[in-house]
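The values are calculated or read from the model by the stated rules, or taken from the named source; none is laboratory data. Every value quoted in this text rests on a predicted model; they were computed, and no experiment measured them. Cβ sites come from the backbone with ideal geometry, for glycine too, and all protein chains shown count toward neighbours.
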Amino acid sequence: MDRTTALFVDGIGTAAATSGVLAQIQGRIFALLYLHAEALPLEEIAAELQQSKSNVSVNVRGLVEWHLVRLVSVPGSRKDHYEAATNFWRVMMEIMERRFRWTVRQVLATIAETERAAAEAGDGGRRAAGAEGFVAGRLVGLKVFFTALDTVIGSFTQGKPVDPETLQNVVPMLATRGRPRR
């Protein structure tokens, strides 16, 4: 591998490792394929990256699931060949929907469950005056923010414009909720 390709492969591998979405080897595989004009077979990818063919195979499957790499047929060859995706809009839509939106919805489900538990428990004389209001206010602030974020991600993944009012209404609301009371 030449120096230019090696720098790119290592840099994208490092970025992938910190992304929370891809492993370092997946970033390196994607980068190698991205800088090759033609699709490469697993054996060649493994040799270039000095990895086992089985390790590359497992990680390529993950990249195929994320739509970062696709399997292509090469006339005259019985081997599987792979090439990097170049439609980054589609890739980001997939990542936003499958990774980040799922996390946002987990937070919203947790808020709803916490609100239900608080309503069922009631005060019962155990909480100091105002504590329930504080917790409820915190949950509302979090719910408003994550609901807006869910809406933004939904718009992005559907290729629709984001309504600026969605964000404009949330930011001032959170700013006033975050101020200490006097």
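Looking only at segment 168-182, how many residues end up being surrounded by 10 or more Cβ atoms within 10 Å (Cβ to Cβ) and at pLDDT below 65? First the steps, then the outcome.
Of the residues in segment 168-182, the ones surrounded by 10 or more Cβ atoms within 10 Å (Cβ to Cβ) are 168-171, 173-174, 177.
Adding the requirement that they be at pLDDT below 65 leaves 169-171, 173-174, 177.
Residues flagged as surrounded by 10 or more Cβ atoms within 10 Å (Cβ to Cβ) and at pLDDT below 65 within segment 168-182 amount to 6.
Quick check: anything in segment 74-94 among the basic types (Lys, Arg) and closer than 28 Å to THR151 by Cα? It would help to see each step written out before you state the result.
Step one: list which residues in segment 74-94 are among the basic types (Lys, Arg), which gives 78-79, 90.
Okay, now just the ones that are also closer than 28 Å to THR151 by Cα, so 90.
Yes; the residues of segment 74-94 include at least one that is among the basic types (Lys, Arg) and closer than 28 Å to THR151 by Cα.
Assuming GLN158 fulfils every condition listed in (1) surrounded by 13 or more Cβ atoms within 10 Å (Cβ to Cβ); (2) under 25 Å from the mean Cα position of the chain (by Cα); (3) modelled with pLDDT of 75 or more apart from one, which condition is it?
(1)
Identify, please: which residue in segment 1-53 is touching a residue at least 40 places away in the same chain (Cβ under 8 Å) and acidic (Asp, Glu) and is, among those, surrounded by the fewest Cβ atoms within 10 Å (Cβ to Cβ)?
Among those that are touching a residue at least 40 places away in the same chain (Cβ under 8 Å) and acidic (Asp, Glu), it is GLU38.
For every residue, the table says whether it meets (1) β-branched (Val, Ile, Thr); (2) under 29 Å from VAL152 (Cβ atoms).
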site	(1), (2)
ILE25	yes, no
ASN55	no, no
VAL60	yes, no
LEU68	no, yes
VAL91	yes, yes
GLU113	no, yes
ALA117	no, yes
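With in a loop (DSSP other than H, G, I, E, B), without any contact (Cβ under 8 Å) to a residue 60 or more places away in the chain, aliphatic (A, V, I, L, M) and out of contact with any Lys or Arg (no Cβ under 9 Å at 6 or more places or on another chain) as the only criterion, which of VAL60, VAL91, VAL56, VAL74 stands out? Spell out the reasoning first.
Details: VAL60 fails: in a loop (DSSP other than H, G, I, E, B); VAL91 fails: in a loop (DSSP other than H, G, I, E, B); VAL56 fails: in a loop (DSSP other than H, G, I, E, B).
Being in a loop (DSSP other than H, G, I, E, B), without any contact (Cβ under 8 Å) to a residue 60 or more places away in the chain, aliphatic (A, V, I, L, M) and out of contact with any Lys or Arg (no Cβ under 9 Å at 6 or more places or on another chain) holds for just one of VAL60, VAL91, VAL56, VAL74, which is VAL74.
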